[in-house]
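Below is one structure, written out as structure tokens; comments come after it.
Values in this text are rule-based calculations from the coordinates and carry no lab data. Keep in mind it's a predicted model, so treat the numbers as computed, not measured. Note: ideal-geometry Cβ built from the backbone for every residue, glycine included; neighbour counts use all protein chains shown.
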Amino acid sequence: MNDDYRALPHDIDAEKAALGAALISPNAAHAVFSHLSMDHFYRPQHRLIFRGVVDLYRRGEAVDVLTVRAELNRTGTLSQAGGDMYLSDLAAFVPTAANVGFYVARVRELGTKAITIQELSRIAGEGYNESISSDEMLVATEDALTRFRALATDENQIEGFSTLGAFIDEADTEYDWLIPGVLERMDRVIVVASEGAGKTTLARQIAVQLAAGVHPFSPHTRIPPARTLYIDLENPPALVRRKVRQLVNLGREHSGWDDDRAWRWTRPGGIDLRKPHDQHLVDRVIEQSRAEFVAMGPLYKTFLEGDAKAETVNGQVARILDGFRARHGVALWLETHAPMEQQGMRSLRPMGSGVWSRWPEFGLALRKSKDRPSRVHLERFRGDRDERAWPHHLERSSPWPWSAVWDGGFPVEEATSA
């Protein structure tokens with residue numbers, strides 16, 4: 001037989017057993033409802049019966065042969081589902097509901113494979129259409145992968161969903177620090193400054209110090225080293241190499257330094273995160289570096305301007321960045337430029353869109369000190385979402401380019417033990 005006519009993966013007996021178990025046991029009905037969808041079933045009448053079971057279960061009504069029959073009668077689908085006799089046969093087909101987990105897993109596995117085959121075959125067919133671009137095919141493939149992930153997980157067990165009472169009764173988790181007292185995994189930080197204020201140097205320094213196990217704001221304090229990735233979207237590789245060499249050599253002076261913990265990706269032409277190809281590249285460099293901390297910038301080089309409104313474009317990029325954070329569990333440190341001076345004033349808010357003023361947990365602004373050329377003040381363009389021990393100022397120093405300063409002699413030990 002030609003491979004094109006092969007039946008999709010399925011197991012009719014497993015489908016009958018899963019539905020039969022649901023008709024004779026409330027616990028089995030819950031398992032079927034919780035772990036399967038209509039699309040997992042191969043036989044059309046089984047999909048209709050499953051829908052009847054789900055509708056009853058959601059309304060809090062009993063599920064058995066009689067109630068499902070009544071529900072299918074109500075919706076006018078009883079005859080399409082096989083009629084009275086077929087429902088009775090399903091209930092009699094399975095001797096016990098005790099093995100419902102096996103039946104459900106079997107239906108789910110084969111059903112997911114069948115859906116995957118159908119969807120990928122549809123996308124492959126579209127590839128022969130000259131009016132469909134490669135980017136459109138990549139988007140369709142990404143959308144399909146999102147659907148496959150949903151099918152491969154328990155759709156009715158939604159992560160992060162519970163009553164407030166159950167939520168607060170859970171034990172509080174400890175902070176998952178990358179920089180003790182300052183930066184936690186999956187935090188989002190945007191640093192805005194005028195040209196020459198030192199925001200890029202700060203990003204590189206933190207990436208190297210974290211890889212060396214050095215607290216960026218207390219260089220004599222050892223912390224657990226982290227895997228870092230520095231993405232420069234503006235400067236040529238030769239310039240980056242010259243600027244980073246001193247930092248890496250300082251990191252190598254610390255015991256336990258490992259070159260494999262600190263990575264870089266230089267793309268002086270920038271990227272466009274709205275394009276699937278570039279999204280995939282970022283995913284790859286994060287995966288291959290196994291980064292826990294990603295410093296990237298400048299922000300305006302992460303996308304190309306288009307005809308869409310700035311809020312729309314920047315909102316799309318923000319969601320893509322959130323996707324990287326969710327998939328890889330990384331903290332994001334993004335740098336961006338301040339708008340140009342207007343009427344003698346320089347606003348230290350992110351350039352381009354209000355999206356970036358709302359997006360991060362921490363919106364930091366580096367303002368050059370008027371009376372101390374070697375100092376920048378660490379201000380905020382938005383309120384912090386959690387209490388952290390950020391320094392009040394940064395001072396140009398040696399051997400590391402920046403050192404932290406707190407007003408009133410804020411003890412570094414308190415910051416590192418918070």
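Taking a point 7 Å from the Cα of Asp322 along the Cα-to-Cβ direction, none of the residues of region 164-181 has its backbone N closer than 12 Å to it. At an R0 of 25 angstrom, the distance between the Cβ atoms of Arg245 and Lys368 translates into a FRET efficiency of 0.45. In the frame of its principal axes, region 21-148 has Cα extents of 53, 31, 25 Å, reported largest first.
As a ratio to 2.2 N^0.38 Å, the alpha-carbon radius of gyration for region 177-417 is 0.97. Under 13 Å of direct C-alpha separation, and excluding same-chain neighbours fewer than eight residues apart, Lys243 reaches these aspartates and glutamates: Asp232.
Sparse packing (at most 14 other Cβ atoms within 10 Å of the Cβ) combined with a DSSP loop state is found for the following trypsin sites (Lys or Arg not before Pro) in region 200-290: Arg290. For the chain, DSSP calls about 40 percent of its internal beta bridges antiparallel.
Normalised by the number of residues in the chain, the average gap of Cα pairs under 8 Å and 6 or more apart makes the relative contact order 15 percent. Between Arg290 and Ala7, the contour length at 0.36 nm per residue exceeds the Cα-Cα span by 97.8 nm. If only the Cβ of Lys and Arg carry +1 and only the Cβ of Asp and Glu carry -1, the dipole of region 191-278 around its Cα centre is close to 60 debye. Among Gly20, Gly60, Gly198, the largest mean-square fluctuation in a Gaussian network model of the chain (Cα springs under 10 Å) belongs to Gly60. Take each peptide in 80-86, 67-73, count the other Cβ atoms within 10 Å of every residue, and average; sorted highest first, the result is 67-73, 80-86. In order along region 121-138, phi translates into HN-Hα couplings of 5, 5, 5, 4, x, 5, x, 7, 7, 5, 7, 8, 7, 5, 4, 5, 5, 5 Hz, rounded to whole numbers, per the Karplus curve 6.51 cos²θ - 1.76 cosθ + 1.60 with θ = phi - 60° and x for Gly and Pro. Model label sites at Asp39 and Thr173, defined 7 Å from Cα along the beta-carbon direction, differ in position by 2.8 nm.
The slack in the chain from Glu126 to Ser403, taken as 0.36 nm per residue of separation less the alpha-carbon distance, amounts to 94.1 nm. Which of these values of log10 I(q)/I(0) by the Debye sum over Cα atoms at q = 0.06, 0.07, 0.14 Å⁻¹ was calculated from the structure shown: (1) -0.39, -0.51, -1.18; (2) -0.27, -0.37, -1.33; (3) -0.36, -0.48, -1.21? Label of the calculated value: (1). Here the extension length gained between Thr163 and Met85 equals 23.9 nm, from 0.36 nm per residue of separation less the Cα-Cα distance.
The simple Förster model, with R0 at 51 Å and r as the Cβ-Cβ distance, assigns His30 and Thr221 a FRET efficiency of 0.50.
Across region 3-151, the mean sequence separation of Cα contacts (distance under 8 Å, 6 or more residues apart), normalised by length, yields a relative contact order of 32 percent.
Rounded to the nearest Hz, the phi-derived 3J(HN,Hα) couplings of region 174-187 under the Karplus curve 6.51 cos²θ - 1.76 cosθ + 1.60 (θ = phi - 60°) are 6, 4, 9, 6, 9, 10, x, x, 10, 10, 9, 4, 6, 5, where x marks glycine and proline.
Short-range pairs are left out: with C-alpha atoms under 8 Å and at least six residues apart, the relative contact order of region 177-417 is 27 percent.
Report, in debye and to the nearest 20, how large the dipole of the chain comes out about its Cα centre when Lys and Arg carry +1 and Asp and Glu carry -1 on their Cβ. Don't skip to the end; give the middle numbers.
Working: 51 positive and 58 negative charges, 291 e Å.
It works out to roughly 1400 debye.
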